[in-house]
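Supplied in structure tokens, the structure appears directly below.
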Number of protein chains: 2
Amino acid sequence: MENPNEARTREYRDYIEQFLKEHLSAFGEEPQKQLFDAMGYSLLAGGKRLRPIFAFDFCRMAEGNWKTAAPLAAAVEMIHTYSLIHDDLPAMDNDDYRRGRLTNHKVYGEAMAILSGDALLTDAFSIAAQAKIPAEKTVFALSVLSECAGSRGMVGGQVLDILSEERVCSEQEVLDIQNRKTGALINAACVLGVIAAGGTDEQIAAAARFAGLIGLAFQIRDDMLDVIGTAQEMGKDVGCDDTKNTFVRLYGLKKCEELVNSYTQKAIGFLDIFPDHAYMASLAESLSARRV
Amino acid sequence: MENPNEARTREYRDYIEQFLKEHLSAFGEEPQKQLFDAMGYSLLAGGKRLRPIFAFDFCRMAEGNWKTAAPLAAAVEMIHTYSLIHDDLPAMDNDDYRRGRLTNHKVYGEAMAILSGDALLTDAFSIAAQAKIPAEKTVFALSVLSECAGSRGMVGGQVLDILSEERVCSEQEVLDIQNRKTGALINAACVLGVIAAGGTDEQIAAAARFAGLIGLAFQIRDDMLDVIGTAQEMGKDVGCDDTKNTFVRLYGLKKCEELVNSYTQKAIGFLDIFPDHAYMASLAESLSARRV
């Protein structure tokens, strides 16, 4: 039998898949079909849907009906997807594959990849604006979302990451880059869940603190898995060929393992404000402990 | 002495320049300075600021304080600017110059041009969300803005334009492409001005009808000036080498002149709902009659 945590994860995941699919198919009759194909190719590529799951469960923890958060959860996932499409472009990371499939621009061409990213980013705000919550909450949610995704959030982090290539960064710089590049959107997901529930300022603050620490733990684990994975594939010593500003280069693998654990425990501590947080605590544990 | 219309245009233009400058300089201390430089390079390149002028004056016509519309006017201009940066990219139109200056990617590189476009688009929603109007109006304005700019609006039009290259389009297709590609954002500017003023549904509908017709008149005039300009430069007969789906190819120059005039007069007719519309009528006339 499936354990209750897995059942809930699957329920959240199925719901967001369906929500995103319905959104895209609503446009099926438009003449610019190729744009919707390109958007759907990346949006419906079967990601982990971590950000929507955070949004849904923070809404539930703050005693809201979690489905209320769907338009906001979808918006965060669309922004995450656009960022992957643009990051993969030849002028950026120039990646041909993502999760074992050809990247968007390899299938649809660069122009369509740029435009489908632009469309996902723009449409995210249309969908978020449809949330069935009081208008002041919607405005607040849209502000948080655009701040987290924009020049001082995710895009800013991407720029800092590019500018930091080929030089050694300080600990503070690496933290700043990661907080913006991946942390900001996880932050948005958790905070938007609480906003959708009509949660308190204290709950919003706790969600943001949790998200910041979990984002870091997640990224450190990612860096560790990259190094270990590369080492296994290449048959080299771990960390030797690492010229990027990763946490592994900064701290070494042993310290990284400690940090992942301590950040995760600290993050879980911020969930105390929510009476029923066992699912989120267990999700945080399993994310930090993951081996793939 | 300056005539009153010119004085008003200058007041609107100075105000939006100052507003945009202040917005960008507020970020001056952030480490990702190069991103703000790249955003500012295109955003403060001295465009005509037509869209903000529309937003301001529709706000005034609907008896609002026109300065209330500034965050919405700025958002429209930022979205217009991002679309120019992305359109100029090598994978799109591959333009080296715009208005006599190097394009964004020629100065900052492709990666930074993609990211500064992404940032302008995202930040536009942050700024729009700060409008000092009732929250329901802000949500409505953000919906209109994202619908007009997204997959069914401006980005959709851009995709249709790319897909229509190298085949002859019907009249309906050319109209559809232009309505989305340039009309949608002009529509947003006019409608957002009325929303900022707290105008009626009838005023919003009139602003949209005006914008649709003026957008077409503007685009037809653009196509005409392109052909005439090219002919003068190249010393060739007008229209002969025209393989693009323009209004000139569709209708010929003489019919185009008639259409510009009739669309403009029809557009001005929709201004009747606003008691004091002399400035906007005269602006519409001068835009349609322009020779550069």
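The values are calculated or read from the model by the stated rules, or taken from the named source; none is laboratory data. These numbers come from a predicted model, not from an experiment. All Cβ positions, even for glycine, are placed from backbone atoms using ideal geometry, and neighbour counts span all protein chains on display. These accessible areas exclude ligands, DNA and RNA; they are computed on the full protein's heavy atoms, side chains included. Shrake-Rupley method; radii C 1.70, N 1.55, O 1.52, S 1.80 Å.
Kindly check whether there is at least one residue in region B:5-25 that is modelled with pLDDT under 95, within 28 Å of B:ASP118 (Cα to Cα), of a type in the set (A, V, I, L, M, F, W, C) and surrounded by fewer than 16 Cβ atoms within 10 Å (Cβ to Cβ).
Looking for residues that are modelled with pLDDT under 95, within 28 Å of B:ASP118 (Cα to Cα), of a type in the set (A, V, I, L, M, F, W, C) and surrounded by fewer than 16 Cβ atoms within 10 Å (Cβ to Cβ), one finds none in region B:5-25, hence no.
Name the residues in region A:270-292 that are among the aromatic types (Phe, Trp, Tyr) and farther than 18 Å from A:ARG8 by Cβ, would you?
The answer is A:PHE270, and nothing else.
Could you check region B:197-207 and list, in sequence order, the residues that are under 18 Å from B:ALA128 (Cβ atoms) and open to solvent by 10 Å² or more (accessible area, probe 1.4 Å)?
Once the filter is applied, which keeps residues that are under 18 Å from B:ALA128 (Cβ atoms) and open to solvent by 10 Å² or more (accessible area, probe 1.4 Å), region B:197-207 yields B:ALA197, B:GLY198, B:GLY199, B:ILE204.
Also: Take region B:245-278 and flag every residue that is touching a Gly at 6+ places or on another chain (Cβ under 8 Å) and of a type in the set (Lys, Arg).
B:ARG249
Right, something else. Within region A:265-281, count every residue that is open to solvent by less than 60 Å² (accessible area, probe 1.4 Å) and over 19 Å from A:ALA205 (Cβ atoms).
1
Shifting gears a bit: Tell me which residues, restricted to region A:125-142, are more than 8 Å from chain B (Cβ to nearest Cβ), part of a helix (DSSP H, G or I) and crowded, with 24+ Cβ neighbours inside 10 Å.
The answer is A:ALA128, A:ALA141.
Any idea which of (1) buried (at least 22 other Cβ atoms within 10 Å of the Cβ); (2) at pLDDT 95 or above is the one B:GLY212 doesn't satisfy?
(1)
Output the number of residues of region A:30-47 satisfying the condition of being away from chain B (no Cβ under 11 Å) and charged (D, E, K, R).
So the answer is 0.
Is one or more of the residues making up region B:22-33 more than 20 Å from the chain's Cα centre (by Cα) and either among the β-branched types (Val, Ile, Thr) or more than 30 Å from A:GLN158 (Cβ to Cβ) (or both)?
Within region B:22-33, not a single residue is more than 20 Å from the chain's Cα centre (by Cα) and either among the β-branched types (Val, Ile, Thr) or more than 30 Å from A:GLN158 (Cβ to Cβ) (or both).
Hey, which of the helices (runs of 4 or more DSSP H) in region B:2-119, taking only ones fully inside, have at least 1 residues that are in contact with a strand residue (DSSP E or B) (Cβ under 9 Å, 6 or more places away or on another chain) and without any contact (Cβ under 8 Å) to a residue 60 or more places away in the chain?
The qualifying helices (runs of 4 or more DSSP H) are B:70-88, B:104-108.
Regarding B:ALA284, is this residue open to solvent by less than 40 Å² (accessible area, probe 1.4 Å), of a type outside the set (Phe, Trp, Tyr) and at pLDDT below 90? Talk me through it step by step, then tell me what you get.
On the way: open to solvent by less than 40 Å² (accessible area, probe 1.4 Å): yes; of a type outside the set (Phe, Trp, Tyr): yes; at pLDDT below 90: no.
Taking the combined requirement at face value, the residue does not satisfy it.
Another question about this same structure. Could you please find all residues in region B:129-156 being in contact with an Asp or Glu (Cβ under 8 Å, 6 or more places away or on another chain) and of a type outside the set (Ser, Thr, Tyr)?
Here is the first cut: in region B:129-156, the ones in contact with an Asp or Glu (Cβ under 8 Å, 6 or more places away or on another chain) are B:135, B:146, B:150-153, B:155-156.
Scanning region B:129-156 gives B:ALA135, B:GLY150, B:ARG152, B:GLY153, B:VAL155, B:GLY156.
Within region A:215-233, track down each residue that is open to solvent by 10 Å² or more (accessible area, probe 1.4 Å) and under 17 Å from the mean Cα position of the chain (by Cα).
Residues satisfying the conditions are A:LEU216, A:PHE218, A:GLN219, A:ASP222, A:ASP223.
Looking at A:ASP87, is it at the interface with chain B (Cβ under 9 Å from one of its Cβ atoms) and modelled with pLDDT of 95 or more?
Working: at the interface with chain B (Cβ under 9 Å from one of its Cβ atoms): no; modelled with pLDDT of 95 or more: yes.
The answer is no for A:ASP87.
Restricting to region B:160-194, name every residue that is surrounded by 18 or more Cβ atoms within 10 Å (Cβ to Cβ) and at positive phi.
None - no residue of region B:160-194 is surrounded by 18 or more Cβ atoms within 10 Å (Cβ to Cβ) and at positive phi, so the list stays empty.
Further question: Could you go through region A:249-258 and let me know if any residue there is at pLDDT 95 or above, surrounded by fewer than 18 Cβ atoms within 10 Å (Cβ to Cβ) and in a loop (DSSP other than H, G, I, E, B).
no
Continuing with the same structure: Taking region A:144-169 as the region of interest, how many residues are modelled with pLDDT under 90 and either within 11 Å of another protein chain (Cβ to nearest Cβ) or closer than 21 Å to A:PRO90 by Cα (or both)?
3
Yes/no per residue for (1) more than 8 Å from chain A (Cβ to nearest Cβ); (2) among the hydrophobic types (A, V, I, L, M, F, W, C); (3) surrounded by 24 or more Cβ atoms within 10 Å (Cβ to Cβ):
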position	(1), (2), (3)
B:PHE58	yes, yes, yes
B:ALA75	yes, yes, yes
B:HIS80	yes, no, yes
B:ASP96	yes, no, no
B:ARG99	yes, no, no
B:GLU110	no, no, no
B:LEU115	no, yes, yes
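So, in region B:60-73, of the ones that are hydrophobic (A, V, I, L, M, F, W, C) and closer than 10 Å to B:VAL194 by Cα, which residue ends up most open to solvent (accessible area, probe 1.4 Å)?
The residue in question is B:TRP66.
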